[in-house]
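What follows is a set of notes on a single structure, which appears directly below.
The values are calculated or read from the model by the stated rules, or taken from the named source; none is laboratory data. Fair warning: this is a prediction, and the values are worked out from it, not measured in the lab. Please note: Cβ atoms are built from the backbone with ideal geometry, for glycine as well, and neighbour counts cover all protein chains shown. Heads up: the accessible areas ignore ligands, DNA and RNA and are worked out on the full protein's heavy atoms, side chains in. Shrake-Rupley method; radii C 1.70, N 1.55, O 1.52, S 1.80 Å.
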Amino acid sequence: MNRLAYLLLPALLLTETLGTARYEVRYKLGLFDTRVVTAEITWEESSWNGIPAYYSAAIIETTPFFRLFLASNYFAETYFSQDGLMPLYFDNPFQHKGKDCKFEYLFRQDTGEIESTTTRGDNTEFLTFPHDGRTVDFLSLVHFIRFLDLSRMAEPLPMHILISGKSYPAELVYLGEDLEKQPDTTCDKFLLKLSGHGLMEDKSGNEIYLWRSGGADRKMIALETDLSTGTMYARLSSVKD
């Protein structure tokens, strides 16, 4: 059985998790503390290539100040199998120097490979990565953490994270319950350690702390990471069905 699929919660719980979560992302440096990003992450039932699937999109709008660390706007989408919640296809279109660009990952169960296509204007680069159940894009990773069955994760999990058409080693660690992060809510706390590339465009943000709610809805509550200067943190601001 695929290691990641083994670690996920039963699919019967997923009907309680549909909807869109909205986040406010802020940057802090000393006494300076300002909103720099608004983000939405969807989770809904859909289909992919004619088969039932789950669909998620990340929509990020960035203020001019924060474009040193992150592209001006960001959109990505991923399809997941309903059986096992494994990623099927990832798509991240963007503009760079007036050219249409795109990162795509096709997760092939039949060949055991992830086919990566990077398009920058007229140039296209093809790479392959092992589809070993431990190599995922960031959006797939968010939902993997969201639906992780903690009773089956007794030790740190080595992974690879796909960023901008490349694969970087990482380790996911469960740090236990956090009773103080969210008022009236017990949260599970995680640490993602990245090597070679961080969360941000300037490659900073190599250690990312994440919190999810302990309820059946499995909301992602918060994120925090130190950057090359200052700290970025995100908080859940609203959820809609």
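Summary of values
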read-out: log10 of Debye I(q)/I(0), alpha-carbon scatterers only, for the chain at 0.07, 0.09, 0.15 Å⁻¹; value: -0.22, -0.37, -1.12
read-out: Local electrostatic count at residue 196 - Lys and Arg +1, Asp and Glu -1, tallied over other residues with Cβ under 10 Å; value: +2
read-out: The chain, helix-only ellipticity at 222 nm - DSSP H runs n ≥ 4, -39,500 (n - 2.57), divided by all residues, nearest 500; value: -1500 deg cm²/dmol
read-out: Only Lys, Arg (+1) and Asp, Glu (-1) charged, at Cβ; the stretch 139-241 dipole about Cα centre in debye; value: 280
read-out: Residues whose placed amide H lies under 5 Å from that of residue 137, excluding near-sequence neighbours; value: 162
read-out: Accessible-area order (highest first, 1.4 angstrom probe) of the listed residues 211, 48; value: 48, 211
read-out: Cα-based shape type of the stretch 58-139, given that a ≥ b ≥ c are square roots of the gyration tensor eigenvalues and the cut on a/c is 1.5; value: oblate
read-out: Only Lys, Arg (+1) and Asp, Glu (-1) charged, at Cβ; the stretch 83-195 dipole about Cα centre in debye; value: 400
read-out: Ranked packing of 212-225, 167-180, most packed first, by mean Cβ within 10 Å; value: 212-225, 167-180
read-out: Under the Karplus curve 6.51 cos²θ - 1.76 cosθ + 1.60, θ = phi - 60°, whole-Hz ³J(HN,Hα) for the stretch 96-102, x wherever Gly or Pro sits; value: 9, 6, x, 10, 6, 10, 6
read-out: Cross-link table 97/166; 99/203; 102/189, entries beyond 28 Å C-alpha to C-alpha; value: 102/189
read-out: Dipole in debye (nearest 20) - the stretch 82-133, about Cα centre, beta carbon charges: Lys, Arg +1; Asp, Glu -1; value: 340
read-out: Beta bridge orientation in the chain: antiparallel %, DSSP, nearest 5; value: 95
read-out: Hydrodynamic radius by Kirkwood, which averages 1/r over all alpha carbon pairs of the stretch 123-210, in angstrom; value: 14.3
read-out: Amide H contacts of residue 198 (H built 1.01 Å from N, under 5 Å, at least 5 apart or other chain); value: 203, 204
